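Have a look at the structure below before the remarks.
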Amino acid sequence: MTNKMHPAAIDIGGEPHLRDAKGRLVPLATVKATDLLMDELVRSLNAEARENAKRNADFRARTFTTVSELQALLAQQYDAKVGGQKGNIQLLTFDGLQRVQIAVSDLIEFGPELQVAKALIDECLTEWAVDSKVELRALINRVFSVDKEGQINRAELFMLLRVEIADERWRAAMAAIKDSIRVIGSRSYARYYERDQPDGRWTAITDAATPAR
């Protein structure tokens, strides 16, 4: 720790104090050197992380803006929409070694029909033999076991929709799941890739906004 004043120091009677994790004021002079070193490192790294986060956000915004400008220019020149379904677009360098991809994904939520589907599925599972369809039972358990944010496992749910079973209750459950899906918006992602040769495998540039060191 350097001799400069600690950024979180609180002056009490002319003596600097630090507030600990329990909210108590502790004289700076009594804080262990190792705790101060850790404190300084964490503050330094978090400050850099905040700078990088802002730089990344600015970079992503610039990506969307410049790609949109290119789309508008090409559309004006060729009188045609540039981009795929739902606004997805892929741009390549002339040599085919670098790629920028704009991906648009739907934001979805599930309505009360999902609970109807769950009741029908439970009814099917109750009647089916315990040792039958073991893999299906495991999939169903994964679908309806909510994550830490209380969200249904969506990837597994869409896998469940691909399971075809003749039971009318099962078909009704799958129809209820489909009816429960509400598209409430969309989110755009910018992804950056490169490769060594035109037929090579693409490698993601994971943090294109952070300068190389």
Per 5 Å bin, what is the whole-percent P(r) computed from every C-alpha pair distance within the chain? 1, 5, 9, 10, 8, 8, 8, 9, 10, 10, 9, 6, 4, 2, 1, 0, 0
Stretchable slack from T203 to A103, in nm (0.36 nm times residue separation minus alpha-carbon distance): 34.3 nm
In a Gaussian network model over the chain where Cα atoms closer than 10 Å are linked, find which of A129, A103, A176 has the largest mean-square fluctuation. A129
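Taking the Cβ of each residue in K22, K178 as the centre, tally the other Cβ atoms inside 10 Å and list the residues starting with the fewest.
Working: K22 6, K178 11.
Ranking K22, K178 by Cβ neighbours within 10 Å, fewest first, gives K22, K178.
In debye to the nearest 20, how big a dipole does the chain give about its Cα centre with +1 on each Lys and Arg Cβ and -1 on each Asp and Glu Cβ? Provide the component values of the computation, followed by the final result.
Numbers: 30 positive and 31 negative charges, 93 e Å.
Using only the charged Cβ atoms, the result is roughly 440 debye.
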Can you list the aspartates and glutamates whose alpha carbon is less than 20 Å from that of K22, not counting same-chain residues fewer than 8 positions off? D11, D35, D39, E40
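How would you rank V67, V26, going from fewest to most other Cβ atoms within 10 Å of each one's own Cβ? Let's see the in-between values first.
Numbers: V67 19, V26 14.
By the 10 Å Cβ count, ascending, the order reads V26, V67.
Of the chain, which part is the longest with no chymotrypsin sites (Phe, Trp or Tyr not before Pro) in a loop (DSSP not H, G, I, E, B) and with at most 15 other C-beta atoms within 10 angstrom? Numbers along the way, then the final one.
Details: sites that count: F94, W128, W202.
Longest gap between qualifying sites, sites excluded: 1-93.
Laboratory data are not the source of any read-out in this text; all were calculated from the coordinates shown. Being a predicted model, the structure only gives us computed values, none of them experimental. With ideal geometry, Cβ positions are generated from the backbone for all residues, glycine too; neighbour counts draw on all protein chains shown.
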